[in-house]
Structures are given as C-alpha cells and as structure tokens.
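Data block below; observations after.
The values are calculated or read from the model by the stated rules, or taken from the named source; none is laboratory data. Note that the structure is a prediction, hence the values are computed from the model and not measured. Methodologically, a virtual Cβ is constructed for each residue, glycine included, from the backbone with ideal geometry; neighbour enumeration extends over all protein chains shown.
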Amino acid sequence: MHRFCICWLLFAVGCLQSNSTTSSGSTDPGFTETATNPESKVASRNSPPALTVGSLAPLLKVNRFLKGEPVTEFEPGKIYVVEFWATWCGPCIEAMPHVSELQSKYPDVTFIGINVLEDDDSAAEHFLKARGQDLEYRFARDDIPEGSNAHDGAMAMTWLAAAEVNGIPTAMVVDAQGRIANITHPMALEESLPQIISGKWDLDAAAKQHLLSVLPDRRSREFNERMETLLKPGPTDETPRELDRIAEEFPEQAGVIGLVKFRVLSLEGNKTTQALATGRKLLKGDLGNNPELLNAMAWEIVGPKRPKPAAAELKSFALEVARRSDELVKKKHPTVADTLARALFVNGDTQAAVTTQRRAIALAKTNPRATKLVEELQKRLDDYEAAVSADKPK
C-alpha cells in the first residue's frame, strides 16, 4: 500500500499529469468539446473504433523482420494472425508457446509477432536470440520514427491505437478478404480461428463484442477529462456543485469524486462543516471499508505538506479515520501506522504519536526494500520525541 497511490484524485493541487489521454489515444468525437448535442455525444460514445472487426486491415508497416521470411503485404485468400508483444510484458512471453503451437497446428495461417511499445530497439532481437529457436512463427519490429517513442510506432498507432486497444498481448486475425476478423487475447485464438478459416465466423457479433470491450475505457477517459477541465485551473466556489453534477453523470465514480470534493472543501477555512458532512457520507459507503483510501483521506488533513492548517474538527475527524484504517489492516501496515501517528500528533497526543510511530518503523523494517521509508518515518519520530521532551517539566 502506497499512501500517495490516489494522488491523481487530488490533481486540484498539481498531482494531475499534463496529458490525461492513454497511449492508445481516441478517435471518438464524443471526447471533443465540439459535440454539444447530448444525443450526438451518446451516439459518438457508442460508435465503433476507427479500426474494428470488419475493417480492412491496415498496412503491415514494420522496421524489419527479426525471425522468419518477411511479409510485405496481406495476400488475398490467405489468413494472418498479427500478434503484438514486448519483452517487458510477462503475459506476452507466457503466450508465445501457445502461439507457436497454433502455427504448427494451422500451417496455412501466417503468424507474425510484432514487437511494439518498446523503446529499446535491440531488446526483441536479444530475446529471440536466447529463446527464438523454440518459437515456430515470424517476428518483426515495429516501425518507429526516428526521435519518437515506441507509442508512435506505425503498428502501435494504426493497429492498436486505432482499435482502442490499451494492452498487450493482443492478437488480430486478418481473414482471406483482408478484413480484421477478430481482436482477442492470443490465448483465446483457437476459439475463433477454425471458424475464420472455414468462413463461418460471425463478423458482426465479433464487432459488437469489440465495441463493448472499449466502452469502459472510453468512459474512464471522458471522466478524467471532465475532472481535469474542472480542477486544473484551481477550485472555485462552484467546484463542489460541479463535482456533484459529475457524480450524477458518473455514479460509478461517486467515491472518487467524493474524495476530491472532501479535499476541496477541507482546504477552505469557512467550509469545515461541509467538508465534515462530505467525509462522513463517504465513510457510510464503500470507502468506509477501504483502508487505502481512508489512509489517504486522513493524510490529506494531517500531512506535513498540507498547504493550509486544518481546523480542529477536521483534525479530530482525521484521527477517527486513521484509527479505522489502522484497524482494517489489523495494525500491521507501516504507512497506515505512520498516518495514525501523525493524526495523534496534530491532535496533541504526542506520547501516543511516539508509540505508534515506533510501531510504524518496526513494521517497515520487516521489508528489506523499505530503507527510504524507514528513514522518512524515523525523521518524524525524531520530531515527535523532541515534542515530548519539550513538554516535560524542567
């Protein structure tokens, strides 16, 4: 558990990435500011990706073939499987033996593994020198423009991004008519490949399935863009009401929006009552049983880098939330204990803060890779112990 794992929720204070779009990009006009008609926005949200099942396959544009006879174009009457992978992708490597078996089982189908989304131009070549002898299909390297990163590769852009595919491994089957017949995980290829070979595959059903698979990501991107548009300039008096409106449109994000609203209100000195009402409402929902988000919520109030000191009522609320988070993790997580110690400290219970911080350090020391965390926790313990010493009668 990382305390700042939900930092993106708090982009009102600068945590938001400057570019909120995914590597795949979106060609959906529903994400632009020009679509003001609600009906047209709904229609565009539900429109097929630029590349989908039934589309003519884009050009096969690669830098070079790393293994096997090169393929320069898709020949009519032949079937191809274009499979996308990277050396850093564990599931990609795990799927390779299965793809190799399929190549042996279907010798008339041409399988091509395209190395994509990898900036190291030699990584795939080194991998195939070590393990390629056991793989029975072709491999090629994406064509990446000089000076660009791997997300700008021709295959990454015109195949993966155009199809709104956000992950690899992904396999796309090109049928005998040169159309994209299926977009799937390589481990699931055999569910469709025999039907595609026999000409009995239902393209329309597969196209609908692909559209359904991209809709959640589209909605997520739209939500992120709405939040960025609202919060990037900085919160205003209207921000809480606008957040409520977004929550009505994206009810599945109500908890996330509530956390941002709580953050915005808690930073306003004259809105403590509203902040507490928002916080308590969140505790009654699913958030109340999520120790990670509770921990982040408490830390936002008591953390040393908070831009404005919290009101006494908020500090007390943070202590309540921190205690609940600590109980949910059974008092066995260092950053949760650290947050609780900080909450105790800002509420004036310095001796309890020292005791709790020592527990946080002991928990952190059980992880040999947590050296920096231990150092950070120790600095805070030093502050708490100094405060205890200062409080003692001379």
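In this structure, does residue 99 turn out to be surrounded by 18 or more Cβ atoms within 10 Å (Cβ to Cβ), closer than 24 Å to residue 206 by Cα and at pLDDT 95 or above?
Criteria met by residue 99.
Return a yes/no flag: does region 67-80 have any residue that is in a strand (DSSP E or B) and either touching a Ser or Thr at 6+ places or on another chain (Cβ under 6 Å) or under 21 Å from residue 185 (Cβ atoms) (or both).
Yes, region 67-80 has at least one match.
Out of the residues in region 304-334 that are of a type in the set (A, V, I, L, M) and within 16 Å of residue 276 (Cβ to Cβ), which is surrounded by the fewest Cβ atoms within 10 Å (Cβ to Cβ)?
The extreme case among them is 312.
Has region 78-88 got any residue that is within 23 Å of residue 162 (Cα to Cα) and free of Cβ contacts under 8 Å to residues at least 40 places away in the same chain?
Yes, the conditions are met somewhere in region 78-88.
Considering every residue within region 371-394, establish whether at least one is outside any helix (DSSP H, G or I) and in contact (Cβ under 8 Å) with a residue 24 or more places away in the chain.
no
Among (1) under 27 Å from residue 218 (Cα atoms); (2) in contact with a Ser or Thr (Cβ under 6 Å, 6 or more places away or on another chain), which single condition is residue 135 missing?
Failed condition: (1).
In region 284-313, which residues are in contact (Cβ under 8 Å) with a residue 12 or more places away in the chain, among the small types (Gly, Ala, Ser) and out of contact with any Leu (no Cβ under 8 Å at 6 or more places or on another chain)?
285, 303, 310, 311
Looking only at helices (runs of 4 or more DSSP H) that lie completely in region 212-318, which have at least 2 residues being more than 23 Å from residue 333 (Cβ to Cβ) and out of contact with any Ser or Thr (no Cβ under 8 Å at 6 or more places or on another chain)?
The helices (runs of 4 or more DSSP H) meeting that bar are 239-249, 254-266, 272-284.
Suppose we filter region 178-201 for residues that are in a loop (DSSP other than H, G, I, E, B) and surrounded by 14 or more Cβ atoms within 10 Å (Cβ to Cβ); how many remain?
So the count comes out to 4.
Of all residues in region 102-118, which are in a loop (DSSP other than H, G, I, E, B) and either surrounded by 20 or more Cβ atoms within 10 Å (Cβ to Cβ) or not assigned by TED's automatic domain parsing to the domain that holds residue 173 (or both)?
Within region 102-118, 116, 117, 118 qualify.
Can you find a residue that is in contact with a helix residue (DSSP H, G or I) (Cβ under 9 Å, 6 or more places away or on another chain), in a helix (DSSP H, G or I), farther than 12 Å from residue 62 by Cα and of a type outside the set (A, V, I, L, M) anywhere in region 152-174?
no
If the requirement is being touching a residue at least 12 places away in the same chain (Cβ under 8 Å) and within 19 Å of the chain's Cα centre (by Cα), which of these qualifies: 218, 141, 179?
218
Taking the condition of being among the β-branched types (Val, Ile, Thr) and over 21 Å from residue 269 (Cβ atoms), how many residues in region 298-352 meet it?
5
Name the pairs whose Cβ atoms lie under 8 Å apart, with the first residue in region 324-345 and under 23 Å from residue 284 (Cα atoms), the second assigned to a loop (DSSP other than H, G, I, E, B) and β-branched (Val, Ile, Thr), and 6 or more positions between them or separate chains?
Here the result reads 336/329, each pair linking region 324-345 to a residue that is assigned to a loop (DSSP other than H, G, I, E, B) and β-branched (Val, Ile, Thr).
Among the residues of region 342-370, count how many are farther than 20 Å from residue 321 by Cβ and outside any helix (DSSP H, G or I).
6
Please determine whether any residue of region 119-127 is under 28 Å from residue 196 (Cα atoms), surrounded by 15 or more Cβ atoms within 10 Å (Cβ to Cβ) and either at pLDDT 95 or above or in contact with a strand residue (DSSP E or B) (Cβ under 6 Å, 6 or more places away or on another chain) (or both).
no
When you go through 237, 202, 217 one by one, which is the residue that is over 24 Å from residue 324 (Cβ atoms) and at pLDDT 95 or above?
Being over 24 Å from residue 324 (Cβ atoms) and at pLDDT 95 or above holds for just one of 237, 202, 217, which is 202.
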